[in-house]
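> Mind looking over this structure? Questions follow.
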Amino acid sequence: MNDIADLYQQALAKHRNGDVSGAEQEYKAVLNIAPDHAGAWHFLGLVFHLQQRSDLALGHLETSLKLCDSKATFHNNYGVVLKDLHRFVPARSAFQRALELDPEYADAHANLGHVHLLLNAPEDAEISLRKALALQPQHPDAQRHLAELKFRQGNHLVEKEDFAAANRMFQEASMMSGGKPSWKFKSLSFCPTVFPDERMIARYWERLGEGLEIAQQADLPLDWRTLPTDGFIPSFHLPHHGRCCKDIRRQFAEIFASCFPQNRPVLKRKGRYRIGFHVFHGHEGGFIRGSGGIIERLDRKRFDVVILCPKQAVNHFRSEIHSDDVTYVPLDGPFEAVAQRTRDAACDLIYYRKVGSDPWSYFLPFTRPAPIQCTSYGTHGTSGVSAIDYFLSSSFVEPKNGQDYYTEKLFCLEAMPTFQHCPPPPENVQRSEFNLPSSGPLYFCPHRTSKYHPSFDPLLKEILDRDSSGHFILLTGRDPRGNEVLHERLRRNLGSDLLKRVQFFPALPYDQYLRLLSVSTMILDSPVYAGGLTSFDAFAYGIPEVTLSGPLHIQNFATGIYRRMGLDDLPCRTSADYVELALRLGKETEYRLDVHQRILERNHLIFEDVDTVPEHERFFETVLSRS
């Protein structure tokens, strides 16, 4: 018996000192002599867990519990392994059993609080974490998990657009032991979906600038590997405010750039260039629609094509992109692993579908996984990220001074930067299907809620005032607070009587949206943000779009599509022109039918536009040969 005890203590000593393989051999030696030794089974299971041999780990831990069910430590460690394997419900039971055996076990309270947090039970999580800290005030895991809890509660308040309460929660979390100093500035990512007036937009931008200056001076301790959680990024709503985002986005990027490894890959490829197309979860449909046709048609004698995408999207892409020689690189796991896998793809150039729609898509280009990086129309203007070398646009879209609005080098194609298929018209659609008036113009605004800038309201009011038979259709999003602010703003600016001729629709499935579009008289763009995919949809059916040209890419995209069709007379230059064109299309049937026919006769120039493929090839070869 003394030999077994000595051998077991030697195993524990090696285990504590990090000699995992030595401990494994000693535990096995104990079990060869004493097969019912619960401690050897238990700690050998923990060794297997460290070696990521999950099945062996769980089996050994469960055997130890059958041999000895009375040790709180055994149940707690079993719960830790289950938690690490994302088996949160049985982990919770294990921690609860540990606390039945030892109600003053601080580690078990802390672990139970964490698993409650992972199971989205914040109230239970806080109770358990507070108990751990009452027993052990400096418990590091409890402190860290409590800070994380406050951080998550702040994120939940952001989703409800309770930004003041969210900011207080982030401030509290940042100052807690276990919190992150960068959380103090998390509020810089917030932006209301809809503003009540332009004065509030101006005030928002003023405060944003002030906050960024403070963040730049704070010298934050940043770990690039955790920035998708701990960092703060420019809101994707910023381009919807009628302002150039170049300086503000550059300020954001400058806060983070220096914390990333500065190891730009060297272009060494001979023969075919390797072009990577990158897309994150949630943007697969837009990527296939805009880039699928280009990918299928790129010259494989000159280009090797790679798609970097979520693991769960690979089969979907294979079924939608009809090309057998595309290499797919599935991206999953923690941010550092995704960055390394992207770099390991060894692309000469990576084209990012969207930069900044979420923290992952914003921060990945900072890791510089390819010698050349670019983005395009999906990013809604400049990214502000110095690691993005080029912004790919079109001469039909950009003004002569277009470069002034980008941190990237602007490269203009002599075509639109997208390859679109023409959607077939829906059949047997009637206005009554949507409970719409049987007569009179239908002015359709098919945009996300954040695009309804306050400057839109006086244009809508004047159109409704001057066309007593017209009705507006507005699509609204899934954000209750934004919808509430928009409805109240329109009630105030249009008046109750005119608001009766505004019909609100929720976000619709694509096929239902096309049916609604097909019975509309025209599309009305926001005066600060033009249509994109909605423009192609409208022009497929010959439906005119009233758009107001501007200096920014996002204000000029529909204008660019009109120009590509040779319909330069239809984009408007002033707000007065905008109202007059909308009214003329609504009230003059002969004119509207003429515009409708002209669009149908020319829309072949924007659908399956074969010119965009060699133009993309020219871009790839030009920028890669320069490097």
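> Just to be sure, is SER450 open to solvent by less than 30 Å² (accessible area, probe 1.4 Å) and either among the hydroxyl-bearing types (Ser, Thr, Tyr) or over 24 Å from GLU580 (Cα atoms) (or both)?
Taking the combined requirement at face value, the residue satisfies it.
> Quick one: is ARG431 over 25 Å from HIS240 (Cβ atoms) and either open to solvent by 10 Å² or more (accessible area, probe 1.4 Å) or within 21 Å of the chain's Cα centre (by Cα) (or both)?
Yes.
> May I pose another question? Can you name every residue in the stretch 455-508 that is β-branched (Val, Ile, Thr) and out of contact with any Cys (no Cβ under 7 Å at 6 or more places or on another chain)?
Passing the criteria: ILE463, THR476, VAL485, VAL502.
> Where the second residue is in a helix (DSSP H, G or I) and crowded, with 19+ Cβ neighbours inside 10 Å and the first is touching a residue at least 40 places away in the same chain (Cβ under 8 Å) and lies in the stretch 153-170, which pairs have Cβ atoms under 8 Å and are six or more apart or on separate chains?
Hits for this filter: GLU161/GLY482.
> Can you pull out the residues in the stretch 567-582 that are open to solvent by less than 10 Å² (accessible area, probe 1.4 Å) and touching a residue at least 60 places away in the same chain (Cβ under 8 Å)?
The answer is TYR578, VAL579, ALA582.
> Mind checking which helices (runs of 4 or more DSSP H) fall wholly inside the stretch 10-98 and carry at least 3 residues that are under 13 Å from LEU112 (Cα atoms)?
Because the criterion is at least 3 residues that are under 13 Å from LEU112 (Cα atoms), the helices (runs of 4 or more DSSP H) in the stretch 10-98 that meet it are 72-84.
> If you don't mind, there's one more thing I want to ask. Among the residues of the stretch 403-418, are any more than 24 Å from ASP247 (Cβ to Cβ), outside any helix (DSSP H, G or I) and of a type in the set (S, T, N, Q)?
So far as the stretch 403-418 goes, yes, one or more of its residues are more than 24 Å from ASP247 (Cβ to Cβ), outside any helix (DSSP H, G or I) and of a type in the set (S, T, N, Q).
> Based on this model, can you work out whether PRO261 counts as farther than 26 Å from ARG618 by Cα and part of a loop (DSSP other than H, G, I, E, B)? Steps first, answer last, please.
Details: farther than 26 Å from ARG618 by Cα: yes; part of a loop (DSSP other than H, G, I, E, B): yes.
Spelling it out, PRO261 is indeed farther than 26 Å from ARG618 by Cα and part of a loop (DSSP other than H, G, I, E, B).
> How many residues does the stretch 113-128 hold that are in a helix (DSSP H, G or I) and under 31 Å from the mean Cα position of the chain (by Cα)?
11
> Go through (1) more than 19 Å from the chain's Cα centre (by Cα); (2) of a type in the set (Val, Ile, Thr); (3) part of a loop (DSSP other than H, G, I, E, B) and name the single condition THR382 misses.
(1)
> Moving on. In the stretch 101-121, how many are open to solvent by 50 Å² or more (accessible area, probe 1.4 Å), of a type outside the set (A, V, I, L, M) and either touching a residue at least 12 places away in the same chain (Cβ under 8 Å) or in contact with a Leu (Cβ under 8 Å, 6 or more places away or on another chain) (or both)?
3
> Quick check on GLN340: is it surrounded by fewer than 23 Cβ atoms within 10 Å (Cβ to Cβ), part of a helix (DSSP H, G or I), out of contact with any Asp or Glu (no Cβ under 6 Å at 6 or more places or on another chain) and modelled with pLDDT under 95?
Values: surrounded by fewer than 23 Cβ atoms within 10 Å (Cβ to Cβ): yes; part of a helix (DSSP H, G or I): yes; out of contact with any Asp or Glu (no Cβ under 6 Å at 6 or more places or on another chain): yes; modelled with pLDDT under 95: no.
For GLN340, the condition - surrounded by fewer than 23 Cβ atoms within 10 Å (Cβ to Cβ), part of a helix (DSSP H, G or I), out of contact with any Asp or Glu (no Cβ under 6 Å at 6 or more places or on another chain) and modelled with pLDDT under 95 - is not met.
> Is it the case that some residue within the stretch 78-90 is closer than 18 Å to ASP141 by Cα, over 42 Å from the mean Cα position of the chain (by Cα), open to solvent by 30 Å² or more (accessible area, probe 1.4 Å) and without any contact (Cβ under 8 Å) to a residue 40 or more places away in the chain?
For the stretch 78-90, residues closer than 18 Å to ASP141 by Cα, over 42 Å from the mean Cα position of the chain (by Cα), open to solvent by 30 Å² or more (accessible area, probe 1.4 Å) and without any contact (Cβ under 8 Å) to a residue 40 or more places away in the chain: absent.
> Also, I was wondering about something else. Quick check: anything in the stretch 216-229 free of Cβ contacts under 8 Å to residues at least 40 places away in the same chain, touching a Cys at 6+ places or on another chain (Cβ under 8 Å) and more than 29 Å from ILE350 (Cα to Cα)?
no
> Follow-up. I need the full set of residues from the stretch 573-606 which are touching a helix residue (DSSP H, G or I) at 6+ places or on another chain (Cβ under 7 Å) and not in a helix (DSSP H, G or I), in order please.
ILE606
> Taking the condition crowded, with 17+ Cβ neighbours inside 10 Å and farther than 27 Å from ALA108 by Cα, does LYS184 pass?
Yes; evaluated as a whole, the condition is true for this residue.
> Scan the stretch 320-348 and report the pairs whose first residue is touching a residue at least 60 places away in the same chain (Cβ under 8 Å) and whose second residue is of a type in the set (Lys, Arg), with Cβ atoms within less than 7 Å and a gap of 6+ or a chain change.
Close Cβ pairs (under 7 Å, with a partner that is of a type in the set (Lys, Arg)) amount to PHE335/ARG225; GLU336/ARG225; ALA346/ARG274; CYS347/ARG274; ASP348/ARG269; ASP348/ARG274.
> Being assigned to a loop (DSSP other than H, G, I, E, B), open to solvent by 10 Å² or more (accessible area, probe 1.4 Å), over 28 Å from GLU254 (Cβ atoms) and not basic (Lys, Arg): is that true of SER319 here?
Taking the combined requirement at face value, the residue does not satisfy it.
> Would you confirm whether or not the stretch 369-383 contains a residue that is on the phi > 0 side of the Ramachandran plot, open to solvent by less than 50 Å² (accessible area, probe 1.4 Å) and of a type outside the set (Gly, Ala, Ser)?
Scanning the stretch 369-383, I find at least one residue that is on the phi > 0 side of the Ramachandran plot, open to solvent by less than 50 Å² (accessible area, probe 1.4 Å) and of a type outside the set (Gly, Ala, Ser), so the answer is yes.
> Here is a further query. Here is a list: GLU210, GLU172. Which entry is in a helix (DSSP H, G or I) and under 29 Å from HIS241 (Cβ atoms)?
GLU210 is the lone residue from the list that is in a helix (DSSP H, G or I) and under 29 Å from HIS241 (Cβ atoms).
> Would you confirm whether or not the stretch 5-13 contains a residue that is at pLDDT below 90 and aromatic (Phe, Trp, Tyr)?
yes
> I need every pair where a residue in the stretch 611-626 that is closer than 10 Å to TYR390 by Cβ and in a loop (DSSP other than H, G, I, E, B) has its Cβ under 8 Å from the Cβ of a residue that is among the hydroxyl-bearing types (Ser, Thr, Tyr) and open to solvent by less than 60 Å² (accessible area, probe 1.4 Å), sequence separation at least 6 or different chains.
none
> Oh, and also: Name the residue, out of LEU442, LEU436, LEU413, that is over 20 Å from ALA538 (Cα atoms) and open to solvent by less than 20 Å² (accessible area, probe 1.4 Å).
LEU413
> For a quick check of your reading: which helices (runs of 4 or more DSSP H) sit entirely within the stretch 455-566 and have at least 1 residues that are touching a strand residue (DSSP E or B) at 6+ places or on another chain (Cβ under 8 Å) and open to solvent by less than 40 Å² (accessible area, probe 1.4 Å)?
Ranges flagged: 456-466, 480-494, 510-518, 533-540, 553-564.
> I would also like to ask the following. Within the stretch 300-312, how many residues turn out to be touching a Lys or Arg at 6+ places or on another chain (Cβ under 9 Å) and open to solvent by 10 Å² or more (accessible area, probe 1.4 Å)?
Going through the stretch 300-312 one residue at a time, the tally reaches 4.
> Quick check on ALA164: is it in a helix (DSSP H, G or I), farther than 16 Å from GLY231 by Cβ and either basic (Lys, Arg) or open to solvent by 30 Å² or more (accessible area, probe 1.4 Å) (or both)?
yes
The values are calculated or read from the model by the stated rules, or taken from the named source; none is laboratory data. Quantities reported herein were computed from a predicted structural model and do not represent experimental measurements. Glycine also receives a Cβ, built like all others from the backbone with ideal geometry; neighbour counts cover every protein chain displayed. We work out accessible area using only protein heavy atoms, side chains counted, and drop any ligands, DNA or RNA first. Shrake-Rupley method; radii C 1.70, N 1.55, O 1.52, S 1.80 Å.
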